[in-house]
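Q: My questions will all concern the structure given below.
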Amino acid sequence: MNIVIFGPPAAGKGTQADNIAKKFDLFKLSTGDLLREEIEKKTALGNKISTIINKGTLAPDEIMNELLEKRLSNNKQVKGIIFDGYPRNLSQTINLDKLLIKFDKKIDVAIRLKVSLEVIKKRISGRLVCFNCGKTYNVFFNPPKYDNDCCNIDSLKKRDDDNVDIAIKRFNTYESTTEPIFQFYRKLGLLRDVEGESSIEQISNEISGIISLIEG
Ligand code: AMP
């Protein structure tokens, strides 16, 4: 079972991808996380892309395609993958399709989380990420409990690209670049819309229902 999950920035893609990965024993492949790791480690690639990410624009396709291929070849044996943050445009969609054929895999379902810009703005202004484990919280919707050693006052921070102006820009980029992707998956009969403004649990249940139906 291979899944792609879509949604505007702060739609809850990462959280849902984590939940679904755990529940269905899938490998989560988040290109945003891969890029943030490179930035954190101050690699040559990280230094090159940090300005791009902080401006809220997309990294070049060649960089992303190379990163993805490397990850896929390192994880050939996984039971299934949930792609979070890739593909971001039609060219990446076609690249993913070709790469999956090469690795003898295919996409089984494309989940689209639908969330309005108003909700996105609130989610972005409240989002906190644990820089130890990558878990995401939100001061309004899913506040951290500060009851474990990992996600604490020192490790929970705002992402550098999380501010409302950048959020609007990222939302607009998402809207303008993703429609051709949805057409691609719609034509294949793989696109499923999920209401992304309900609770984390309700959304997880809805996505799980869709996957279970496909798994049969
Ligand atoms: P995300 O964590 O998915 O919101 O990604 C954070 C940022 O990483 C984006 O705003 C882009 O700058 C960059 N990024 C992540 N995935 C991709 C991709 N597939 N193509 C281009 N840029 C990406």
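Q: Any residue that is touching an Asp or Glu at 6+ places or on another chain (Cβ under 7 Å), closer than 15 Å to residue 8 by Cβ and crowded, with 19+ Cβ neighbours inside 10 Å - is there at least one of those in region 181-200?
A: Yes: one or more hits.
Q: How about region 15-83: which helices (runs of 4 or more DSSP H) wholly inside it have at least 3 residues that are at pLDDT below 90 and within 24 Å of residue 200 (Cβ to Cβ)?
A: Once the helices (runs of 4 or more DSSP H) in region 15-83 are filtered for at least 3 residues that are at pLDDT below 90 and within 24 Å of residue 200 (Cβ to Cβ), nothing remains.
For (1) over 28 Å from residue 169 (Cβ atoms); (2) buried (at least 18 other Cβ atoms within 10 Å of the Cβ); (3) touching a residue at least 60 places away in the same chain (Cβ under 8 Å), each residue gets a yes or a no:
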| position | (1), (2), (3) |
| --- | --- |
| 48 | no, no, no |
| 55 | no, no, yes |
| 60 | no, no, no |
| 68 | no, yes, no |
| 74 | yes, no, no |
| 90 | no, no, yes |
| 101 | yes, no, no |
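Q: Looking at (1) charged (D, E, K, R); (2) farther than 17 Å from residue 160 by Cα; (3) more than 10 Å from the ligand (Cβ to nearest atom), can you tell me which one residue 38 breaks?
A: Among (1) charged (D, E, K, R); (2) farther than 17 Å from residue 160 by Cα; (3) more than 10 Å from the ligand (Cβ to nearest atom), residue 38 violates only (2).
Q: In this structure, is residue 119 more than 15 Å from the ligand (Cβ to nearest atom), surrounded by 14 or more Cβ atoms within 10 Å (Cβ to Cβ), under 18 Å from residue 201 (Cβ atoms) and touching a residue at least 60 places away in the same chain (Cβ under 8 Å)?
A: In short, yes.
Q: All but one of (1) near the ligand (Cβ under 7 Å from one of its atoms); (2) in contact with a helix residue (DSSP H, G or I) (Cβ under 7 Å, 6 or more places away or on another chain) hold for residue 46; state the number of the condition that does not hold.
A: Among (1) near the ligand (Cβ under 7 Å from one of its atoms); (2) in contact with a helix residue (DSSP H, G or I) (Cβ under 7 Å, 6 or more places away or on another chain), residue 46 violates only (1).
Q: Return the total of residues in region 49-80 being within 14 Å of the ligand (Cβ to nearest atom) and touching a strand residue (DSSP E or B) at 6+ places or on another chain (Cβ under 9 Å).
A: 3
The values are calculated or read from the model by the stated rules, or taken from the named source; none is laboratory data. Quick caveat: nothing in here was measured; it's all calculated off a predicted structure. Note that we place each Cβ from the backbone using ideal geometry, even for glycine, and neighbour counts take in every protein chain shown.
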